[in-house]
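Following: one structure in C-alpha cells, then a few remarks.
The values are calculated or read from the model by the stated rules, or taken from the named source; none is laboratory data. Since the model is a prediction, treat every value here as computed from it, not as a measurement. Neighbour counts run over all protein chains shown; Cβ positions are idealised from the backbone, glycine included. Accessible surface areas use protein heavy atoms only, side chains included; no ligands, DNA or RNA. Shrake-Rupley method; radii C 1.70, N 1.55, O 1.52, S 1.80 Å.
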Amino acid sequence: VQLQASGGGSVQAGGSLRLSCLASRRTFSSDCMGWFRQAPGKEREFVAAITMSDGRTNYAESVKGRFTISRDNPKNLVYLQMNSLKPEDTADYYCASGPYSMPVKEPRLYTSWGQGTQVTVSS
C-alpha cells in the first residue's frame with residue numbers, strides 16, 4: 001500500500017494542525033495505522049496509532065490530551081488532529097501501516113511508510 005501524508009505547516013505555539021494520511025487501497029480490518037515523527041538529529045518516535053477495525057488508539061505520553069488520531073475507512077484516510085502545539089512538536093511527521101489488529105507503537109513493525117510532512121511550531 002502507498003501512503004501519502006499531508007497537512008503540515010508552520011504555526012505558533014498553542015495553535016492547531018490536522019494531518020491526513022491517504023492510503024492507495026482500501027485498508028483491511030486487520031490493519032493498524034500509525035503516526036511517527038522525527039526531529040533533526042533525533043530518532044523517529046511514535047506519536048499515535050489506531051486500529052482500522054474498531055478504532056482502538058494508542059498515544060505517546062508526550063501528546064496525550066493534545067493529539068487525536070481518527071480514521072475514515074470508506075475514504076481510506078487517517079487523521080492526526082494536533083492541538084495546543086508546542087515548539088518541541090516540531091518534526092517531520094510520517095504515517096505508516098502494518099498488518100496488526102492492535103495499535104502498535106514499534107516503528108520497526110510497520111511495513112509501509114508515507115513521505116514526511118513537515119510541522120514547525122514557533123514560540
Treating only the Cβ atoms of Lys and Arg (+1) and Asp and Glu (-1) as charged, compute the dipole magnitude of the stretch 66-123 about its Cα centre; round to the nearest 20 debye. 140 debye
Take the solvent-accessible surface of the protein heavy atoms, probe 1.4 Å, and return the percent of it on the stretch 9-96 that carbon and sulfur atoms account for. 46 percent
Per residue value of the accessible surface for the chain (all protein chains in place, 1.4 Å probe), Å²: 51 Å²
Could you give the alpha-carbon Rg of the chain over 2.2 N^0.38 Å, rounded to two decimals? 0.97
Any number yet on Rg/Rh for the stretch 28-77, C-alpha, Kirkwood? 1.02
Can you pull out the cysteines in the chain that have no other Cys Cβ under 4.7 Å? C32
Where is the GNM fluctuation largest for the chain (alpha-carbon springs, 10 angstrom cutoff): R37, R108, R25? R108
The chain: Lys pairs at Cα distance under 21 angstrom, eight or more positions apart or on different chains: 5
